[in-house]
1. How long are the semi-axes of the equivalent ellipsoid of the chain, taking √(5λ) for every eigenvalue λ of the Cα gyration tensor, in whole Å from largest down?
2. At a temperature of 25 °C and a viscosity of 0.890 mPa s, determine how fast region 375-448 diffuses translationally according to Stokes-Einstein, using the Kirkwood radius over alpha-carbon pairs as Rh; express D in µm²/s, rounded to the nearest whole number.
3. Would you work out what percent of the accessible area of region 213-312, with all protein chains in place, is carbon or sulfur (probe 1.4 Å)?
4. Let me check something: with ligands and nucleic acids excluded, how do Arg182, Arg298 order by accessible area (1.4 Å probe), largest to smallest?
5. Take the alpha carbon atoms of region 462-524, find their radius of gyration, then divide it by 2.2 N^0.38 Å using N residues; give the quotient.
6. Could you work out how far apart the two model spin labels at Gln303 and Glu166 are, taking each label as a point 7 Å from the Cα in the direction of the beta carbon, and quote it in nm?
7. By how many degrees, 0 to 90 and rounded to 10, does the Cα axis of helix 2-13 deviate from the longest principal axis of the chain?
8. Could you give the length gained on full extension between Ala350 and Gln412, defined as 0.36 nm per residue of separation minus the Cα-Cα distance, in nm?
Amino acid sequence: MKETLIIILFFFTIPHNGQGSLPEDRFGSPLDIPIILAGTFGELRSNHFHAGIDIKTQQRQGLAVYSIADGSVSRIKISPWGYGKALYITHPNGYTSVYAHLQKFSPEIEAYIKKIQYQKKSYEVEVFPDPSEIILRRGELIAYSGNTGGSSGPHLHFEIRSTATEMPINPMLYGFSVADARNPTLLKAYAYPLSKQARVNQSNEKIAIKFTKQPDGSFLADKLTALGEIGFGVNTYDRQDKAINQNGVYSVKQIVNGKLYTDYNFETFSFSESRYINTLIDYAHFSTYRERIQKCFREPANQLSIYKTLYNDGKVEVRDGLSYNVEIHINDLAGNLTKLIIPVEGKNEAVVNFKPQDQTADYIIAKKPNNFDLGGAKVYFPANTFYEDFYIDLKKGKDTVTIHDNKVAAHQNFTITFDVSQYSQEDRKQLFIGRLDENFTPSYSSTYKRGTTFTTRTRNLGTYTLVKDSIAPTIRPKNFKNKQWLSNYNYLSLTIADDLSGIDSYSATLNGEWILMEYEPKTNTITYNFDDMILDKKECELNIEVIDNVRNKSSFNATFFRK
Ligand SMILES: [Zn+2]
């Protein structure tokens, strides 16, 4: 019954242009500064759609963050990665609000979570408090904004989710307002021949569409000639009034001869479908040019639920001798519209410079599991690892396996297994499977060692190699020296780093007792806060141990004085 109610409520209250039928006072603002966005909901990110809004915090950390409504803390997660320090509040109206990349929590919540961190002897924790444990009023201080986790600058990542489905919903549909009088920017547009015989401007490959701005503000494309099934895609962003950030647009529509073919928007989606973003964008184009083309047609493997209308999967069937008027409407959430008009003429012209498909010895049938023995290494792709069938390029070199290239997206993990029997048991200890980036620098890929085989599970195509890491991590004090008096210090910080395999774990003790050190991988820093523990000794013994991913271990000892 509760769920039905939420759905009905939802149905009646979603405004189409962001202003609206919702009572303005349903949710308060999480910050007491004007909302300026560094990122919008649904924005195209790597392998996912952005599930919230990124609110700018004036290039600073430490801004007070408030609960947007009455509720109780339902989840606290702390990690050096992802959302960093994150807080989830469940509200009685069926929504959960999420606040991420926090610097620290309010004193009450900070005390609650530190107790758990000390119990578990871990900086990384995830807890689900009972609804009666931490009850909050609307507008109550819950945390301070920060830059923790996978954040590249101070901001508040803020989400609203349906508590029942956990689906994130566009927070801007709930009365938060952002000044935005600008139309979305159209950078580029492309036309794709889709069926085997299809062509656009005598090409069997996608072409860039030339367009010019009209007096009324819309864009008019040069007339295309085409035949067969074709589709369109746009590279676009939205800029709002008070910032230069290039944010995601809200909706894209494609209208052909007056008929709505495609309509999708970022009102809501589910986390489980987010990775299908790689079928919405032209993934090969993105990996080559770092430019995201949003397709107006749906690929067969695309399972996204963002479409409100989809006629003929958004594909346009062009016949010889007929004319088509294709319009692409791009909207931001404030209702600003950018319109591209593409005249298309059906014409049976020959394809010039026909580009044949690249062929290799191995062919992937996406729906089936595929197994390859490369001699010294094996690769296993479970069914539906890929979105479509293709010729895969597999190469085995000395200690390396090249799995095609990064122009193809994998939807789920596949396995690479190396035979390491040619290495001594001693050597094997320091070996790991690394993935080479564009500069041939290896990065650690979780390596499972069993006898004479090493296995890794990954979703990234590219080159994998066996790498030996024989150097232990480094540990260096940042703000103190051995034998120093630290009476006026609030914290201790050290730099920890590892050259190859990366840091797996670290631990620290003060006079033999475990202490919490917060890890910030962006600056390779671990920090201890003196507030955590009252030291009754004048002379303190600090001991730190850091282990890398192949279990090379370093330790650091220092003595300091405090009174
Ligand atoms: Zn964010």
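1. Numbers: eigenvalues 426, 245, 73 Å².
Semi-axes (√(5λ), whole Å): 46, 35, 19.
2. Numbers: Rh = 14.0 Å.
My calculation gives 176 µm²/s for D.
3. Values: 1850 of 3970 Å².
On region 213-312, the fraction of accessible area on carbon and sulfur atoms equals 47 percent.
4. On the way: Arg182 95, Arg298 55 Å².
Listed by decreasing accessible area, they come as Arg182, Arg298.
5. Details: Rg = 15.3 Å, N = 63, 2.2 N^0.38 = 10.6 Å.
Expressed relative to 2.2 N^0.38 Å, the Cα Rg reads 1.44.
6. Calculated label separation equals 1.5 nm.
7. 60 degrees
8. Numbers: separation 62, 0.36 × 62 = 22.32 nm, distance 3.96 nm.
That pair, Ala350 and Gln412, stretches by 18.4 nm at full extension.
The values are calculated or read from the model by the stated rules, or taken from the named source; none is laboratory data. This structure is a prediction, so every number in the text was calculated from the model and none was measured. No Cβ is skipped: glycine too gets one built from the backbone with ideal geometry, and neighbour counts run over all protein chains shown. Remember, those area values only see protein heavy atoms, side chains included, never the ligands or the DNA or RNA. Shrake-Rupley method; radii C 1.70, N 1.55, O 1.52, S 1.80 Å.
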